Amino acid sequence: MSTPYAGVGIVLVALVTLGLGAYGWRFSRTTSDFFVASRSVRPALNACAIGGEYLSAASFLGAAGLILAYGADMLWYPVGWTAGYVVLLVLVAAPLRRSGAYTLPDFAESRLESLVARRTSSLFVVAIGWIYLLPQFQGAGLALGVVVDADDRLGGLVVSTVVLVNVLLGGMRSITLVQAFQYWLKLTALLVPVMFLLAAWAGDGATSPATVTSGGMTGSEWSMPTGEGTQGLYTTYSLIAATFLGTMGLPHVVVRFYTNPDGRAARRTTVAVLALLGLFYVLPPVYAALGRLYAPDLVASGDSDSVVLELPGRMVDGVAGELLSALTAAGAFAAFLSTSSGLTIAVAGVLSQDLLSRGTMGRRLGGVRSFQLGAVVAVAVPLVASVGTDGVAVAQAVGLAFAFAASTFCPLIVLGIWWRRLTDAGAVAGMLVGGLLAGAAIVDSLLDVEHHGWTATLLAQPAAWTVPAAFVTMVVVSVLTPRRVPAHVATTMVRLHTPESLRLDRGRAVRRLVG
């Protein structure tokens, strides 16, 4: 539904984003400010910022679209995206912060004492970032096309421009304030309209969504879209594996934990994130259910991702409906901006350190200029790709990025933190095996190659076999290369698993004894 108010809402979001970014620019002076906000972000603010960047186009538009089109089993997407933080809380959050790293390649290098492991990690960070940025730009084009009848390519260009301005001038410090604001904007943009929509539904006595037929699917088919038997069960468990384990491998999520002051703050941040995500993910299924009643044509036309944007105009008449549509459009653009910002920061950090800087282990940070150049490259490649790539639903595209992250960085992080016998040869081999297998499945999905039977099922949801393959490869190769265990692994493991307060108390005791 095209409405002039939507354009105003999008402009206001862009202006507020730039204004908050400008406020953060005042405090961005050092390279550490640009990379990790000088590790000074407190848990409450950091949790809001993580919620802001994590709730992407897939969450704001794609989750409702998938549930509308394919049914209740697609609830595993939001459930998995939230539950992934439970795994991250238990296994990863505090040790990762104690590693002292700036990026995932930093962690790989310090844990494995290997430049090869670092460079391999850098390649995969960039790949995941670009895979994840692609649906953000495509979703922005979709949203702008629906609400203001603009060309599909314009939305991605607007988002990339605003993101680049903030990242170039303020880095992580600016983006933190922006993303925290955008979480609450996105929550408001779904919560306020849904109250009006539920009131309209109650007032007209519409039929229950479970009995509606649309797009050739009956209500019973709507509740079991993944298929019956072994293939349907495999699809569900593979999706769970991708979303549960992929969260810890997303570079824009992991870099957030480096901004906490210490490991305890990282854990508190994760608990707060779980609450914020749980609150948000109650809403997309409501839009999907109402969409079965009021927008069933979106399923048949293949535009189910636009259900959140379309419903207010269809269910609420007059100016009120247009204003609600404008609010959802503003929330959608906040989703594109916040996630794109986090991804740009993560990819730019890696590009500046490993591809645009001559520094090695002694000089890790490439400086502000190389970071800014890295940000331009980080945005330009997926923006160009989004112009010539169609097709995969937003949430499905993000789901594939989760599968890729789960197949590469999840084994590296889990084994790197909890298994002292991991070697650089094992880590590199495992990442390559998992990345190549998952990458082949992603390319196959993007090319829309037609398959049947188990081949189609395994390629559509690859995590259930690519993640075990990566873990097994890392373990087997590490066992076969015991001489490559890092020389200082004992010291590294103590640093990862010793709380900062205990280390501080021990240091004070030593100073008293020496004195």
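FYI, it's all coordinate maths here, none of it is from the lab. A quick note: this is a predicted structure, and the numbers were derived from the prediction, not measured. Methodologically, a virtual Cβ is constructed for each residue, glycine included, from the backbone with ideal geometry; neighbour enumeration extends over all protein chains shown.
Tabulated results
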read-out	value
Length released on extending from A202 to R369, taking residue separation times 0.36 nm less the Cα-Cα span	54.5 nm
Fraction of the pair-distance distribution of the stretch 67-186 above 18 Å, Cα-Cα pairs, percent	73 percent
Sequence ranges 398-407, 111-120, ranked by mean other-Cβ count within 10 angstrom, highest first	398-407, 111-120
Sites T455 and V8, calculated FRET efficiency, Cβ-Cβ separation with R0 60 Å, nearest 0.05	0.80
Approximate spin-label separation R483-A380, in nm, with each point projected 7 Å along Cα-to-Cβ	4.5 nm
Mean Cβ count within 10 Å, highest first, over the residues of peptides 326-332, 443-449	326-332, 443-449
Whole-angstrom Cα spans of the stretch 365-486 along principal axes, big to small	50, 48, 17
